[in-house]
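The values are calculated or read from the model by the stated rules, or taken from the named source; none is laboratory data. In this text the structure is predicted, and so the values were computed from the model without any measurement. Glycine also receives a Cβ, built like all others from the backbone with ideal geometry; neighbour counts cover every protein chain displayed.
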């Protein structure tokens with residue numbers, strides 16, 4: 001096989017390869033707009049928006065979905081606080097830093113936005 005035949009064979013094989021499908025990248029979020037997951041697989045249920053490839057590859061969790069648009073949270077517009085709750089992590093009644101799975105006092109992390 002000479003060089004010309006090799007190139008023709010290579011080109012004929014490459015021509016038979018189907019192009020890669022275009023993926024639809026999605027960001028899934030909960031009722032409060034918090035990120036649940038990123039996926040390009042079809043058939044996943046839940047609230048989602050279509051995103052670009054770069055946003056998908058970044059897979060950031062420090063953002064919210066508000067009115068079907070991505071809003072990046074930063075220190076100037078939001079703050080996070082540990083608050084008492086009926087669910088979350090069980091903690092010692094006198095010290096929220098001590099995890100106690102048998103405790104009836106629960107705490108959870110909430111993010112608040114500054115309007």
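Tabulated results
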quantity: Cross-chain or 6+ apart pairs with Cβ under 6 Å, the range 28-47 first and free of Cβ contacts under 8 Å to residues at least 12 places away in the same chain, then in a loop (DSSP other than H, G, I, E, B); calculated: 36/30
quantity: The range 100-114, residues that are loosely packed, with under 12 Cβ neighbours inside 10 Å and at pLDDT 85 or above; calculated: 101, 102, 104, 109
quantity: Residue 98 vs. criteria in contact (Cβ under 8 Å) with a residue 40 or more places away in the chain and in contact with a strand residue (DSSP E or B) (Cβ under 8 Å, 6 or more places away or on another chain); calculated: no
quantity: Qualifying positions in the range 8-51 - modelled with pLDDT under 85 and within 16 Å of residue 69 (Cα to Cα); calculated: none
